[in-house]
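What follows is one structure encoded as structure tokens, with my remarks underneath.
The values are calculated or read from the model by the stated rules, or taken from the named source; none is laboratory data. Remember, predicted model here, so these are calculated numbers, not experimental data. Neighbour counts run over all protein chains shown; Cβ positions are idealised from the backbone, glycine included. Each accessible area value is taken on the protein alone, full model and side chains, heavy atoms only, with ligands, DNA and RNA left out. Shrake-Rupley method; radii C 1.70, N 1.55, O 1.52, S 1.80 Å.
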Amino acid sequence: MFKRGLLVSALALTAATAQAALITNGFTFAVASGSNTAVGSHFHSSTGGVFGNPAGKAEVGRFSVEEVRGLSEYNLAGQSLASSAFVTFDIYKAGGLFNGTNNTPFTGTVIVEAYAGNNLEDITDYQAPSLGQVGTFNIDPANFGVGDIFSFDVTSFFNSLVTSGGTSLGIRLRESTAGPDYGLSRAWTFQDFRLTSDNQCTGRACGGGTVPEPGALALAALALGVMGAVRRRR
């Protein structure tokens, strides 16, 4: 009975670390500039289905002279302070939303930053003042593909906006101007943006500067310790 109870507890703890804990889903779109890459001028993905592109996609990269940035906003209405909050998303396409050279993925660095949103698709979100950099990740077509999941810790930004009465947390993805492919007509497209209470990154996507949340690490260590005790008793 003792061994069975320990094993059940260990399995429950292990399952808890793997379980996704959704805080809220994101409202996602993409904005492109004109030849002046400092300001946005039009959508590449929107709820209106601009250019026939699917809604809810965050395209990041370049299309001819245009720079394209992916954006996602999270409604903070009814939210309370969180012990941990991660912005989580995955790769929809190794390429952009248009055919041609934009359909080629780039090799370079993506910058993830926070801004104060308003739960609306605004072209000006392209250049909205940054609240700070959330993190960065390096990406290339040889090591990344459709379905890879990224997670970045945004607890401080989330709690700061909740405390100050902010209506929305905005997350913006943009290609670094220092990347080797910056300026070329290439892109990546991301989707399924959500806020989660745990880090859900997979494989090489976990190399973008994020680490598993401390709570998850503690639970995993405890689960392994319990299972080790079971084996020793046997």
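Quick check of the Kirkwood formula: for the range 163-205, what is the inverse mean of 1/r over all pairs of different Cα atoms, in Å? Result for the range 163-205, one decimal place: 14.2 Å.
Full extension of the chain segment joining S156 with V65 gains 29.2 nm, where the gain is 0.36 nm per residue of separation less the Cα-Cα distance. 3J(HN,Hα) along the range 149-160, derived from phi through the Karplus expression 6.51 cos²θ - 1.76 cosθ + 1.60 where θ = phi - 60°, amounts to 10, 10, 9, 10, 6, 10, 3, 5, 5, 4, 5, 5 Hz, with x in place of Gly and Pro.
Give the ranking of K57, K93 by solvent-accessible surface, highest area first, calculated with a 1.4 Å probe. Before the final figure, lay out each step's value.
Numbers: K57 25, K93 60 Å².
From most accessible down to least: K93, K57.
Using a cutoff of 8 angstrom between alpha carbon atoms and counting only pairs six or more residues apart, the relative contact order for the range 26-169 works out to 27 percent.
Fully extended, how many nm does the chain gain between L120 and T107 (0.36 nm per residue separation, minus their Cα-Cα distance)? Extending this stretch completely gives an extra 1.6 nm.
For the range 68-85, backbone nitrogen atoms closer than 20 Å to the point 7 Å from S176 Cα along Cα-to-C-beta are found at 68-71.
Amide H contacts under 5 Å for T107: D181, restricted to partners 5 or more places along the chain or on a different chain, H placed in the peptide plane at 1.01 Å from N.
Share of carbon and sulfur in the accessible area of the range 58-181 stands at 51%, probe radius 1.4 Å.
The 3J(HN,Hα) values that the Karplus relation (6.51, -1.76, 1.60; θ = phi - 60°) gives for the range 99-107 are, in residue order, 6, x, 5, 5, 7, 9, x, 9, 10 Hz. Gly and Pro appear as x.
Scalar couplings 3J(HN,Hα) for the range 66-83, obtained by applying the Karplus form with A = 6.51, B = -1.76, C = 1.60 to θ = phi - 60°, are 7, 9, 10, 10, x, 10, 8, 10, 10, 5, 9, 4, x, 7, 10, 4, 10, 6 Hz; x denotes Gly and Pro. The mean accessible area for residues of the range 31-86, using a 1.4 Å probe and ignoring ligands and nucleic acids, is 38 Å² per residue.
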